[in-house]
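The values are calculated or read from the model by the stated rules, or taken from the named source; none is laboratory data. Model, not experiment: these values are computed from the prediction. Here the Cβ positions follow ideal geometry from the backbone for every residue, glycine too, while neighbour counts run over all protein chains shown. These area figures cover heavy atoms from the full protein model, side chains too; ligands, DNA and RNA do not enter into them. Shrake-Rupley method; radii C 1.70, N 1.55, O 1.52, S 1.80 Å.
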Amino acid sequence: MTPERKSSILMPDAPVVRDGEAILHEARALMTRRVSEPSRRAFLTRTLSLGGVALLSGCSLDDNASVESALTRISRWNDRVQAALFRKSVLAPTFPASAITRPFPFNAFYSMDEAPVVDEAEYRLELSGLIADKAPWRLDALRDFAAPRAAEQITRHVCVEGWSAIGRWGGVTFADFLRRIGADTSAKYVGFKCADDYYTSIDMPTALHPQTLLALTYDGQTLPREYGFPMKLRIPTKLGYKNPKHIQAIYVTNTYSGGYWEDQGYNWFGGS
Ligand SMILES: Nc1nc2c(c(=O)[nH]1)N[C@H]1C(S)=C(S)[C@@H](COP(=O)(O)O)O[C@H]1N2
Ligand SMILES: [Mo]
């Protein structure tokens, strides 16, 4: 169920000084996993050479630690390429209701019966960082805010574990919410802490994308527990692992803060 970790790809038990071809082979395998779109992948695997890795990293590639740090730096460079290519006006494809995948798949780093149970009466969405109005939100206040601004989408969710599914999410455009709370939209990142151990952060242009939704419903019903009750972010321009469920806290920052999968080697931008 859970994606393979970077450490297992890089074979931590391998001898410390390794042959260049082996390093390159692993680097290529990892790059292929870190990028999603075929043309980008082809470009990166074509252009990636051992000299290139060494040049980009500025270190000798003779042990696992330096290979890992080189690849992390390449992945951060890949983030910048993806960010530069990202356009707010480019929309993810939308689908008719007849295309919805039923039942919609569940995924998390645990099984469905372990999904967090969030008590609606106790729930408060916490806000911090570069936000003018940091007052916490109750769920009914979020619903009242969303109702007159209702936004809905039927889009495809793409998981790196090899499945994709079309679903229908409703709520309010995240950009509307960020404006309402007086978020500094010139900041670099928006981060999310969830009711489980998952966390992530996204770039501000994606946070402001017209299809990025603060989602309160799934297929016209209250967001079910397994799909992220009480609230999730639906980002159709990003891969599944960048769509936080069970959000409990949102912060705005200029400091890079990674994410649950990202800190294990998944590409941070995670465009789909
Ligand atoms: N809080 C939380 N959000 C999460 C995850 C998680 O484990 N915990 N898994 C991510 C991954 S890898 C995927 S594919 C999607 C799955 O969402 P779904 O259950 O609605 O299909 O949620 C993402 N968001
Ligand atoms: Mo995923």
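Against the test of being free of Cβ contacts under 8 Å to residues at least 60 places away in the same chain, within 16 Å of ligand 2 (Cβ to nearest atom) and closer than 25 Å to ALA115 by Cβ, the options GLY228, GLY170 yield a single qualifying residue, GLY228. When VAL160 is tested against the conditions (1) modelled with pLDDT under 95; (2) under 21 Å from THR253 (Cβ atoms), the lone failure is (2).
Results for (1) touching a strand residue (DSSP E or B) at 6+ places or on another chain (Cβ under 8 Å); (2) part of a loop (DSSP other than H, G, I, E, B); (3) modelled with pLDDT of 95 or more; (4) of a type outside the set (A, V, I, L, M), shown as yes or no for each residue.
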site: ARG179; (1), (2), (3), (4): no, no, yes, yes
site: THR185; (1), (2), (3), (4): no, yes, yes, yes
site: SER201; (1), (2), (3), (4): yes, no, yes, yes
site: THR206; (1), (2), (3), (4): yes, no, yes, yes
site: ALA215; (1), (2), (3), (4): yes, no, yes, no
site: ALA249; (1), (2), (3), (4): yes, no, yes, no
site: ASN267; (1), (2), (3), (4): no, yes, no, yes
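Within the stretch 67-80, residues that are under 21 Å from PRO205 (Cα atoms) reach partners that are assigned to a helix (DSSP H, G or I) with beta carbons closer than 7 Å, at six or more positions or on different chains, in the pairs SER75/ARG34; TRP77/LEU56; ASN78/ARG34. Going residue by residue through the stretch 190-198, is there one that turns out to be part of a helix (DSSP H, G or I), surrounded by 21 or more Cβ atoms within 10 Å (Cβ to Cβ), among the hydrophobic types (A, V, I, L, M, F, W, C) and more than 15 Å from ligand 2 (Cβ to nearest atom)? Scanning the stretch 190-198 turns up no residue that is part of a helix (DSSP H, G or I), surrounded by 21 or more Cβ atoms within 10 Å (Cβ to Cβ), among the hydrophobic types (A, V, I, L, M, F, W, C) and more than 15 Å from ligand 2 (Cβ to nearest atom). Residues in the stretch 84-125 that are within 17 Å of the chain's Cα centre (by Cα) and open to solvent by less than 50 Å² (accessible area, probe 1.4 Å): PHE86, ALA92, PHE106, ASN107, ALA108. Sort out which residues of the stretch 143-172 are open to solvent by 30 Å² or more (accessible area, probe 1.4 Å) and closer than 16 Å to PRO210 by Cβ, and write them in order of number. Within the stretch 143-172, ARG149, ALA150, GLU152 meet the criteria.
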